[in-house]
Amino acid sequence: MTRSPAGAASGPRRAPYLFLLPGAALFVLFLALPIGYALYLSLRRTEVKGLGLGSGARQEVWAGLANYTAALTDPELLNGALRVLGYGLVVIPAMLGLALLFALMLDADRRGRRDTALRGFARLSIFLPYAVPGVVSALLWGFLYLPSVSPFHYALERAGLPGPDLFSGGALYAALANIAVWGGTGFNMIVIYTALRAIPAEVYEAARLDGCSQWQIALRLKIPMVTPSLILTFFFSLIATLQVFSEPTTLRPLTNAVPSDWSPLMKIHQDAFARGDLHTAAAGAVVIAAVTLLLSFGFLRAANSRSHQDSR
Amino acid sequence: MSATATAVRAATAAPRGRRRPAGRIPTAVLLLGAAYCLLPVAWVVVAATKSGSELFSTFTFLPGSGLAENVAELSAYRDGVYWRWMANSALYAGVGALLSTAVSALSGYALALHRFRGREVIFNVLIAGVLMPPVILAIPQYLLLAKAGMADSYVSVLLPSILSPYGIYLARIYAAAAVPSDIVEAGRIDGAGEWRLFRSVALPMMLPGLVTVFLFQSVAIWNNFMLPYIMLGDDEKFPVTVGLFTLLQQGASAPALYTLVITGALLSVIPLIALFLVIQRFWSLDLLSGAVKS
């Protein structure tokens with residue numbers, strides 16, 4: 001029966017939906033539903049009656065956009081957003097600049113066996129931090145920043161110089177940015193390097209016959225040709241930056257200089273779990289999600305109009 | 001005469017130029033980068049050998065004498081809760097990544113090799129999921145799972161980790177590249193069922209790509225902090241990231257615990273680095289770029 005032409009036709013028609021079922025079910029349960037719930041929560045508030053005691057004293061009521069007005073005018077959230085903006089302005093150019101530099105260096109002509117081996121070792125080492133969890137890398141660098149443990153402070157002290165306080169002021173941004181750069185450069189390097197490897201050899205051949213130097217080839221040929229990868233890595237870094245949470249959270253026990261609402265996500269986490277105000281937290285989360293999506297779509301649109309090689 | 005000289009120079013320059021090495025600069029720059037990336041790892045290897053008093057008193061890169069003692073102390077800490085955290089991490093990353101790969105393979109195969117109504121819409125909605133910040137998810141996920149009575153359980157960390165829009169994206173690209181649609185079509189004409197086509201024709205061809213999906217997912221889950229941090233209250237169920245964080249928090253008031261944190265951090269990265277060294281030999285870099293360039 002199932003082997004009949006009609007059955008064969010109905011098989012492929014239904015089959016893709018069955019194959020997609022587990023993914024779709026998970027999507028609904030753990031993505032769509034939570035987002036819907038967050039939206040719902042963000043539009044409600046808890047009303048406390050009388051002294052706020054007893055079971056009927058706390059009641060959830062409709063709040064309209066009050067939580068959003070509160071979130072958008074909240075100086076703490078705004079300060080967190082500004083801090084993350086400053087942090088992103090350090091992290092993204094430094095990380096992608098280094099990733100591009102290392103990728104170009106990996107792709108440059110080799111001198112021989114020893115060179116190849118050394119570069120293989122370097123590629124592996126630079127990629128290695130990808131395997132280290134954000135919490136652990138923040139923890140390792142945190143100790144390296146700690147004056148009583150740090151080798152840098154030790155060396156500076158020996159030289160008779162005062163060690164810098166990496167946990168305060170502008171240095172804190174650099175200290176946090178360094179952790180992100182350390183963790184993310186290798187992955188981006190591999191993405192860019194793979195794109196470089198995909199450039200056909202004839203392109204270089206032609207450029208060399210025209211008398212281009214290595215430097216010119218890198219600047220005028222390689223960088224423009226990996227622009228799509230650069231856009232993509234920029235885009236992923238931007239999203240990751242907006243969501244920075246575990247690194248500053250991990251540094252907190254080591255110093256008093258990182259407030260518990262340093263980044264917007266930390267503030268939302270604090271609202272939800274330390275203050276128990278789920279409604280404000282939900283509104284803040286929705287705002288961050290909206291900003292992320294807005295940036296992403298705007299950016300993807302800009303990237304698509306620039307690169308014509310989108311095959312989708 | 002000068003014309004011949006130029007001609008000779010041009011003739012010798014062209015073939016030499018083709019093979020002219022870039023000098024030592026690229027390798028030197030790369031080695032500097034490697035040194036930067038290895039510095040904290042080297043430090044933790046040395047620091048883990050120091051006893052509590054040595055940590056604060058001797059030069060940081062001078063090895064101490066307390067490694068065995070540190071490991072023993074860490075293992076004894078609260079009846080070996082550290083090893084429990086490591087086992088939990090292995091469980092979350094192993095089982096979670098396996099399930100995630102299975103779901104990604106099914107979805108990616110359907111999206112790549114079937115034509116059906118709503119295909120592009122489903123794909124685009126899934127991809128939009130990549131952009132969703134985990135926080136907007138993690139808190140409501142927690143609330144929903146709490147309502148279902150499932151918060152603070154292994155399931156509460158495992159289930160949300162299974163769906164990976166990025167994994168589905170990779171699986172789709174890999175299925176499209178590795179499974180020729182002619183073969184699937186031929187099998188269909190021969191009367192093979194859709195499930196059988198997937199199991200015995202497509203899956204073996206997709207396997208190398210799925211290994212990458214699995215590795216991506218296991219690293220992502222092992223490294224995850226926020227989800228288990230929010231979901232779990234009982235430290236018996238913590239993965240090692242959350243466990244180390246709580247240990248560090250206690251260390252702030254009792255610096256003697258710092259040696260445990262450092263030793264714990266070292267031991268926690270060893271399995272990942274070992275895995276990393278093994279897999280990078282098999283790691284198909286082309287897949288990564290395929291994922292990136294499409």
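The values are calculated or read from the model by the stated rules, or taken from the named source; none is laboratory data. Being a predicted model, the structure only gives us computed values, none of them experimental. Reconstructed Cβ throughout: ideal geometry from the backbone, glycine too, with neighbour counts over all protein chains shown. Note: accessible area is taken over every heavy atom of the protein model, side chains too, but ligands, DNA and RNA are not part of it. Shrake-Rupley method; radii C 1.70, N 1.55, O 1.52, S 1.80 Å.
Observations, loosely collected:
- When residues in segment B:186-215 are screened for being open to solvent by 20 Å² or more (accessible area, probe 1.4 Å), more than 10 Å from chain A (Cβ to nearest Cβ) and either touching a residue at least 12 places away in the same chain (Cβ under 8 Å) or not in a helix (DSSP H, G or I) (or both), 7 of them pass.
- In segment B:55-66, the qualifying residues are those that are farther than 15 Å from B:Val261 by Cβ and touching a helix residue (DSSP H, G or I) at 6+ places or on another chain (Cβ under 9 Å), and the one that is least open to solvent (accessible area, probe 1.4 Å) is B:Thr60.
- Selection over segment A:220-252 of residues that are open to solvent by 20 Å² or more (accessible area, probe 1.4 Å) and of a type in the set (Gly, Ala, Ser) gives a count of 2.
- One residue stands out among those in segment A:131-183 that are aliphatic (A, V, I, L, M) and farther than 21 Å from B:Phe245 by Cβ: the one that is surrounded by the fewest Cβ atoms within 10 Å (Cβ to Cβ), which is A:Ala159.
- Total residues in segment B:240-256 satisfying the condition of being open to solvent by 10 Å² or more (accessible area, probe 1.4 Å) and closer than 13 Å to B:Tyr82 by Cα: the figure is 1.
- Residue selection: B:Phe245 satisfies the criterion of being within 11 Å of chain A (Cβ to nearest Cβ) and either out of contact with any Cys (no Cβ under 9 Å at 6 or more places or on another chain) or not in a helix (DSSP H, G or I) (or both).
- The listed residues are B:Leu99, B:Leu111, and the only one of them that is crowded, with 18+ Cβ neighbours inside 10 Å and facing chain A (nearest Cβ under 8 Å) turns out to be B:Leu111.
Per-residue answers, yes or no, for (1) modelled with pLDDT under 90; (2) within 14 Å of another protein chain (Cβ to nearest Cβ); (3) surrounded by 13 or more Cβ atoms within 10 Å (Cβ to Cβ):
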| site | (1), (2), (3) |
| --- | --- |
| A:Gly7 | yes, yes, no |
| A:Ala15 | yes, yes, yes |
| A:Gly23 | no, yes, yes |
| A:Gly52 | yes, no, no |
| A:Ala81 | no, yes, yes |
| A:Tyr87 | no, no, yes |
| A:Val91 | no, no, yes |
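- In segment A:102-122, the residue that is least open to solvent (accessible area, probe 1.4 Å) out of those that are more than 7 Å from chain B (Cβ to nearest Cβ) and either at pLDDT 90 or above or assigned to a helix (DSSP H, G or I) (or both) is A:Ala103.
- Test for A:Thr255: is it at the interface with chain B (Cβ under 10 Å from one of its Cβ atoms), open to solvent by less than 10 Å² (accessible area, probe 1.4 Å) and out of contact with any strand residue (DSSP E or B) (no Cβ under 6 Å at 6 or more places or on another chain): no
- Scanning segment B:252-275 for residues that are facing chain A (nearest Cβ under 7 Å) and farther than 20 Å from B:Trp222 by Cβ yields a single hit, B:Ala252.
- Filter pass, A:Leu128 being surrounded by 20 or more Cβ atoms within 10 Å (Cβ to Cβ), in contact with a Pro (Cβ under 6 Å, 6 or more places away or on another chain) and within 30 Å of B:Pro228 (Cα to Cα): no
- Only listed residue being charged (D, E, K, R), closer than 30 Å to B:Met226 by Cβ and at pLDDT 85 or above, chosen from A:Arg252, A:Arg220: A:Arg252
- Count of segment A:248-278 residues which are closer than 14 Å to B:Ile136 by Cβ and either touching a residue at least 60 places away in the same chain (Cβ under 8 Å) or not charged (D, E, K, R) (or both): 7
- Extreme residue, farthest from B:Pro239 (Cα to Cα), among residues of segment B:125-165 that are surrounded by fewer than 16 Cβ atoms within 10 Å (Cβ to Cβ) and within 9 Å of chain A (Cβ to nearest Cβ): B:Val125
- Helices (runs of 4 or more DSSP H) fully within segment A:231-311 that include at least 2 residues being farther than 29 Å from A:Leu33 by Cβ: A:246-251, A:278-306.
- Taken as a whole, the condition of being more than 11 Å from chain B (Cβ to nearest Cβ) and aliphatic (A, V, I, L, M) applies to A:Ala206.
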